[in-house]
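Undergrad: Structure in structure tokens, see below.
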Amino acid sequence: MFQWLHETILNWAHAIYEFVPEYLLWLLLPFFILFIFPIFLVFFIYGCVIFVHIYGHRHQIREAYHTSYWEGARVAIASFWDGVGNVWHGYELRGIENVPDEGSALFIYYHGCLPLDVYYLISKLVIHKNRSLHCVGDKFIFKIPGWRPLCKLFSITSGTVEECTEELKEGNLLCIAPGGVREALFSDPNVYDILWGKRLGFAKVIIGSKTPVIPMFTENCRESFRTPEWGRSFFRWIYEKTKIPLCPIYGGFPVKMITHLGKPIYFDFDTVTPEEVRKTVKREIRMMIKEHQRLPGSVWRGIAQRWSSTSSKKKNSDEPEQAVSIELLQRNGAGTTSPTSDSEDIVVLRRDRSGVEDDDDEVDELGGI
């Protein structure tokens, strides 16, 4: 591999020397030394840091390979992503005690621009819980060349309501983002608005499988990668017509990312309706956004939090910004009171038809990563 890399670099250097005037090469050499070489050096150092992180999990990887070659590959890839999250985003997972050691649970989460938080969560659960998190993915990811084996290895599926219900009945962990690609590309980072549209499929999965729901939200999940504001309505029009995600994405910013897992939500499955389930889960996600995300979203603030020793503590003393956050969330439809209190271990929904949202019609789409 190193010989191939060496030959490739030499070929590139030769091609550049052939087509670029020699005086220009000498002119640009100082810039290369001053700017490009340090960037490569930083990447090499980070590569070493990630390797050391993976090496720290060598015993788990070795044991996994003794069980199965595919299991070993899964643990090794999870260790790699765990290292990336730790190095680049200072990733933290809070509420892992809410994940059952056995049995089923359905994670419902707010979809960031790219689902890096889901990759990091999968890695944490593989390493620390020895559990696989199955995911519902948008259909387009299965059409990307070379991705199908990876999706199979990490149990990513574009399953129907019936298939997802069966997955949970078998005792697996499953995660669904009801907003899917629409929420990922077109949610406003100033508001972190929830774009679930008319989807009720996930609610039918919850009722059909009689599975507890674990609400999930990741701080700064829209700050690491973003979509440009210009042309957003045009790209959304294209997506609504074709379901093809053509909207450009930029970023990769090293912002602080903390995934919060809420306490399990249980429903009165014999009497609850899909509309009531959707209303309760959506309200819980909104309250998590209100509690953990400072609005409007800011890339610079997210980067500052990454390197700040107090990044994990919310600064409630900043009254003007807190007021802006509350105003933005109220504009998005969030209430001012949480359906749960700090002393409750679970949320139980009893039938109450007076508060059902009637703004959307029923659609069985599930969303996905």
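Undergrad: Quick one: which residue in ILE127, ILE176 is open to solvent by less than 40 Å² (accessible area, probe 1.4 Å), over 17 Å from ALA203 (Cα atoms) and in the same structural domain as TRP237 (by the TED database)?
TA: Step by step, each of ILE127, ILE176 is checked, and only ILE127 is open to solvent by less than 40 Å² (accessible area, probe 1.4 Å), over 17 Å from ALA203 (Cα atoms) and in the same structural domain as TRP237 (by the TED database).
Undergrad: Looking at (1) crowded, with 16+ Cβ neighbours inside 10 Å; (2) more than 25 Å from ALA184 (Cβ to Cβ); (3) under 20 Å from the mean Cα position of the chain (by Cα), which one does ALA64 not meet, given that it meets all the others?
TA: Of the numbered conditions (1) crowded, with 16+ Cβ neighbours inside 10 Å; (2) more than 25 Å from ALA184 (Cβ to Cβ); (3) under 20 Å from the mean Cα position of the chain (by Cα), the odd one out for ALA64 is (3).
Undergrad: Which one of VAL255, VAL277 is under 19 Å from ASP188 (Cβ atoms) and surrounded by 18 or more Cβ atoms within 10 Å (Cβ to Cβ)?
TA: VAL255
Undergrad: Taking the stretch 67-82, which residues are over 16 Å from PRO115 (Cα atoms) and open to solvent by less than 20 Å² (accessible area, probe 1.4 Å)?
TA: GLY72, VAL75, SER79 - these are the residues of the stretch 67-82 that are over 16 Å from PRO115 (Cα atoms) and open to solvent by less than 20 Å² (accessible area, probe 1.4 Å).
Undergrad: So is TRP147 touching a residue at least 24 places away in the same chain (Cβ under 8 Å) and not charged (D, E, K, R) or not?
TA: The answer is no for TRP147.
Undergrad: Considering only residues of the stretch 67-120 that are out of contact with any Gly (no Cβ under 6 Å at 6 or more places or on another chain) and of a type in the set (S, T, N, Q), which is nearest to ARG222 (Cα to Cα)?
TA: Filtering first and then ranking leaves ASN86.
Undergrad: Residues that are crowded, with 23+ Cβ neighbours inside 10 Å and under 19 Å from LEU185 (Cα atoms): does the stretch 88-100 have at least one?
TA: no
The values are calculated or read from the model by the stated rules, or taken from the named source; none is laboratory data. Small disclaimer: the values here were computed from a predicted structure and weren't measured. Every residue, glycine among them, receives a Cβ derived from its backbone with ideal geometry; neighbour counts consider all protein chains shown. Just the protein is used for accessible areas: all its heavy atoms, side chains included, with ligands, DNA and RNA removed. Shrake-Rupley method; radii C 1.70, N 1.55, O 1.52, S 1.80 Å.
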